[in-house]
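**Q** If you scroll down you'll find the structure; I have some questions about it.
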Amino acid sequence: MFKLGMSLVFAFISAMVIALAGLVSDARLMTVLLRSLIGFLVAGAVVWLVAFVLEAKELVGFDKNLELVENPEEEEPKSPEEYEAVDEAASAEETSPTAEMQASDEENADFQPLTSNNLKHMEAPSDN
């Protein structure tokens, strides 16, 4: 399915490029449409054949990447106690201050936000 989609995308792009080139060169509309159709078919066939050959020689596995890999060793469902233990561990990690947070707190200890009392008021110069 991937090979078909890829070949259709490339075929559409090539048909649009051929049509644009034909319209820019002032060719007749029927000539442009016929060339675009032939380009669409040829490009689609070439891309599909190249993808088919690459997959047949096992150089690339296009459709194999789309299959989901099943995990034979699935985890067993956890009990509510195990979920609570995981939640407590996560909340303990969130609440404990890290070294990075402590360093940023020390840097910002002398920080004071601007207020109207902190601002230096300037007077307009007189025109004398």
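**Q** Under a straight-distance cross-link criterion of Cα-Cα below 19 Å, which lysines are reachable from Lys57, leaving out those fewer than 8 residues away in the same chain?
**A** Straight-line reach from Lys57, under 19 Å: Lys3.
**Q** May I ask you to order 43-54, 82-93 by the average number of other C-beta atoms within 10 Å around their residues, highest value first?
**A** Peptide ranking by packing, descending: 43-54, 82-93.
**Q** Something else about it: Can you give me the distance in nm between label points at Ser126 and Thr31, each placed 7 Å from the Cα along the Cα-to-Cβ direction?
**A** Taking the simple label geometry, Ser126 and Thr31 are separated by 8.7 nm.
**Q** What is the gain in length, in nm to one decimal, between Leu41 and Ser116 on full extension, counting 0.36 nm per residue of separation less the C-alpha to C-alpha distance?
**A** 19.6 nm
**Q** Provide Rg over Rh for the stretch 2-64; use the alpha carbon set for both Rg and the Kirkwood Rh (inverse mean inverse pair distance).
**A** In the stretch 2-64, Rg relative to Rh is 1.15.
**Q** Once you have the Cα-Cα distance between Leu23 and Val50, take 0.36 nm times their residue separation minus that, and quote the gain in nm to one decimal.
**A** 6.7 nm
No value in this document is a laboratory result; all are computed from the given coordinates. Since we're looking at a predicted model, the values are computed, not measured. Cβ coordinates were reconstructed from backbone atoms using ideal geometry, including for glycine residues, and neighbour counts include every protein chain displayed.
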